[in-house]
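See structure below.
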Amino acid sequence: KQITQLNLSNNNINSDNSPQLFQTMHMEELILDENPLGVIGLMMLSKVITSNATIKKLSLKKTNFDGMGVNIIISWLKKNQTLKEIHLEENSIDENGIKSFSMLSQCATECKVFLSKGKVDYEKNKEIIDGNKNLVFISVP
């Protein structure tokens, strides 16, 4: 049976316990906001995300990763064609992470990646941001 939405926000899910939770689950939407996943947690989720043919929306707001995590997420998008939205607002994505998003144009993906305005220096990254149809910047209160 398929789960429509699984919301595990703020449940202290981290790199130690993240992969076991989702190995056999098929869902359309997974919300992991405000869990201390970090880059290692994203790596642990890689197999689950890349092999899941039902997930359409993934929310990773405030999950404590930086620009290195962007490369992991891009690798997911190269393999998973069902993802349509990934929310990454309020993470510490630095300039290198933003530059990594330029690789999205090489992926055959329709996935929209949501980022926070104010966390990124728009002027420094204007060319990458404006030239990428997959990036969506939103204001976070």
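The values are calculated or read from the model by the stated rules, or taken from the named source; none is laboratory data. No experiment lies behind these values; they were computed from the predicted model shown. When we count neighbours, we look across all protein chains shown, and the Cβ atoms used for this are built from the backbone with ideal geometry, even at glycine. We work out accessible area using only protein heavy atoms, side chains counted, and drop any ligands, DNA or RNA first. Shrake-Rupley method; radii C 1.70, N 1.55, O 1.52, S 1.80 Å.
The table below gives the values:
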quantity: Count - residues of the range 111-131 that are assigned to a loop (DSSP other than H, G, I, E, B) and closer than 23 Å to residue 49 by Cα; calculated: 1
quantity: Inter-residue pairs, beta-carbon under 6 Å, first surrounded by 12 or more Cβ atoms within 10 Å (Cβ to Cβ) and in the range 2-30, second at pLDDT below 85, 6+ apart; calculated: 22/48; 26/2; 27/3
quantity: Matching strands (runs of 3 or more DSSP E) fully within the range 10-110 where at least 3 residues are out of contact with any His (no Cβ under 8 Å at 6 or more places or on another chain); calculated: 27-31, 85-87
quantity: Some residue of the range 26-38 being farther than 29 Å from residue 122 by Cα and more than 15 Å from the chain's Cα centre (by Cα); calculated: yes
quantity: Hits in the range 78-105 - residues which are loosely packed, with under 15 Cβ neighbours inside 10 Å and either without any contact (Cβ under 8 Å) to a residue 24 or more places away in the chain or small (Gly, Ala, Ser) (or both); calculated: 92, 105
quantity: When residues of the range 106-140 are limited to those that are within 15 Å of the chain's Cα centre (by Cα) and open to solvent by 70 Å² or more (accessible area, probe 1.4 Å), the one modelled with the highest pLDDT; calculated: 112
